[in-house]
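Let me begin by presenting the structure, written as structure tokens, before commenting on it.
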Amino acid sequence: MINFVDLWVYLSGSPLLWLTVTLVAYIAADAISAACGRHPLANPVLMSILFISAVLLISKTAFPSYFAGAQFIHFLLGPATVALAVPLYRHLPEVKRMFVPMIAALFVGSVVSITSAVLLAKWFGLSKIATLALAPKSATAAIAMGVAEKVQGDPALTAVMVIMTGISGAIIVTPLMNLLRLKNYAARGFAAGLVSHGIGTARAFQVNPLAGTFAGIALGLNGVLTAILVPLLLPWLL
Amino acid sequence: MLQAFAILLCLQLAGETLVRAIGSPLPGPVIGLALLFVWLTARIPIPQTTHETADGILKHLSLLFVPAGVGVVQQLPLLGAEGWMLLTIILVSIALSLAATAITFAAVAKLMKIDAGEERP
């Protein structure tokens, strides 16, 4: 007879358990998302996160033990970013044709994203540390945390804002674009990647490969532009 | 598949090394992306599996954000009373920026009479 307490002690200490839970939770969430016709609210990232968080809460597992297993998945973000070059190369003719609209949208989007976040934070009377964390929220996590450090913000809080921005954007982008009657999938994808970085890009790839490609470009370009604009705009906005 | 994965890792490693060497504000993987793009556009031979492997990883890009997302949920109680305000600000700010970005893109494309692939599903 297996002693379940011993088994739990053994498994909860090894990376296998939480790596498996993460993968299985995602496969289930992705199946639900597909069954819902990729409805924006049935976002696979959000569903997996909520499910795993509930399991961690019930099993009283601390995040570091979870991450010991999940880090193998987290690690793949690096190679996945490099892989974005492949669809970019494949869609190069479209990208070249759209160069001017892209650059115009990049500047408008980046400035609106930073300015609206900082001004709203001021209007709501948020603390300076929260305001600084909101400013680079649309940049990809690694860049946003670097920017936060540069302007004396809190990198950890910034990472929280970045992920919240990613998930919320991935959920609202499709209904918002339909409401605006925008059928240009390059424009829709570009907006998703600019505002919601990797998570928006993942959503765009779900909808349409061309949208995903433009989202990937926006993710890269806005990461760079946010790093430049936040330190420049903050003295004016604060 | 294995070769392709090695290529992605090598380019990421090269990216990380370059970032450290020149003190670039960009993350290493973004430099790796640029290097792979240069490789492809220069038409230097690359294993065909690179394309398939890249598509395979990107198809499940969502999965890769799950561990970080779980970390964020753990941090949520720390936001305290500011949490709901932060979420409201994020929602308003992203709605404005999504609309501004997409409208600018579509309007400039229309002005320049560029066909925007509207027929694509």
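We did not get these values from a lab; they are worked out from the coordinates using the rules stated. Only a predicted model underlies this, so the values are computations on that prediction, with no experimental measurement involved. Virtual Cβ from ideal backbone geometry, glycine too; neighbours counted across all protein chains shown.
Hey, can you rank A:10-16, B:40-46 by average C-beta count inside 10 Å, highest first? Could you put the intermediate results ahead of the total?
Details: A:10-16: 13.0, B:40-46: 10.7.
Sorting A:10-16, B:40-46 by mean packing, highest first, produces A:10-16, B:40-46.
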Rule-of-thumb check for segment B:2-64: C-alpha Rg over 2.2 N^0.38 Å? 1.16
Two decimals is fine: what is log10 I(q)/I(0) at q = 0.09 Å⁻¹ for the protein assembly as shown, from a Debye sum with one equal scatterer on every Cα and no solvent? -0.48
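Would you kindly give the portion of the calculated P(r) for segment A:84-238 that falls above 28 Å, as a percent of all Cα pairs?
Cα-Cα pairs in segment A:84-238 separated by more than 28 Å: 18 percent.
Please give me, ordered by residue number, the trypsin sites (Lys or Arg not before Pro) of segment A:180-238 that lie in loop per DSSP and have at most 12 other Cβ atoms within 10 Å. Before the final figure, lay out the partial values.
Working: sites: A:ARG181, A:LYS183, A:ARG188, A:ARG203; in loops: A:ARG181, A:LYS183.
Taking segment A:180-238 and a limit of 12 other Cβ atoms within 10 Å, the loop trypsin sites (Lys or Arg not before Pro) found are A:ARG181.
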Phi to ³J(HN,Hα) by Karplus 6.51 cos²θ - 1.76 cosθ + 1.60 over segment A:76-81, Hz, x for Gly, Pro: 5, 4, x, x, 5, 5
Can you pull the mean other chain C-beta count within 10 Å for peptide B:3-12? 4
When only C-alpha pairs under 8 Å and at least 6 residues apart count, what is the relative contact order of chain A, in percent? 18
Quote the charge dipole size of the protein assembly as shown about the Cα centre in Debye, to the nearest 20; the model charges only the Cβ of Lys and Arg (+1) and of Asp and Glu (-1). 740
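For chain B, what relative contact order do you get, as a whole percent, if you take Cα pairs closer than 8 Å and at least 6 residues apart? Display every interim value, and only then the final one.
Details: 56 pairs, mean separation 22.4, N = 121.
Taking the mean separation of contacting Cα pairs over the length of chain B, I get 19 percent.
Return the equivalent ellipsoid semi-axes of segment A:131-177 as a descending list in whole Å, where each equals the square root of 5 times an eigenvalue of the C-alpha gyration tensor. Let's see the in-between values first.
Values: eigenvalues 100, 13, 13 Å².
Working through the eigenvalues yields semi-axes of 22, 8, 8 Å.
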Membrane-span-like helices (DSSP H runs, Cα span along own axis at least 24 Å, mean Kyte-Doolittle at least -0.5) in chain B -> B:2-22, B:82-111
Average partner coverage of A:41-48, which counts Cβ from other chains inside 10 Å: 3
Show me, for segment A:95-106, the HN-Hα J-couplings you get by feeding each phi into the Karplus relation (A = 6.51, B = -1.76, C = 1.60, θ = phi - 60°), rounded to Hz, glycine and proline as x. 5, 5, 4, 8, 4, 5, x, 5, 5, 4, 5, 4
With labels modelled as points extended 7 Å from the Cα through the Cβ direction, what inter-label distance (nm, one decimal) is found for A:PHE107 paired with A:GLN71? 4.4
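Counting only helical runs of four or more DSSP H residues, what would the 222 nm mean residue ellipticity of the protein assembly as shown come to if each run contributes -39,500 (n - 2.57) and the total is spread over all its residues?
On the way: 19 runs with 290 residues, N = 359.
It comes out at -26500 deg cm²/dmol, rounded to the nearest 500.
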Taking the dipole of the protein assembly as shown about the Cα centre (Lys, Arg +1; Asp, Glu -1; charges at Cβ), the one of A:TRP8, B:ALA100, B:PRO29 that reaches farthest to the positive side is B:ALA100
Just the Cα atoms of chain B, one point each, no solvent: what log10 I(q)/I(0) does Debye give at q = 0.22 Å⁻¹? -1.13
Using a 10 Å cut-off on Cβ to Cβ distances, tally the other chain neighbours for every residue of A:169-178 and report the average as a whole number. 3
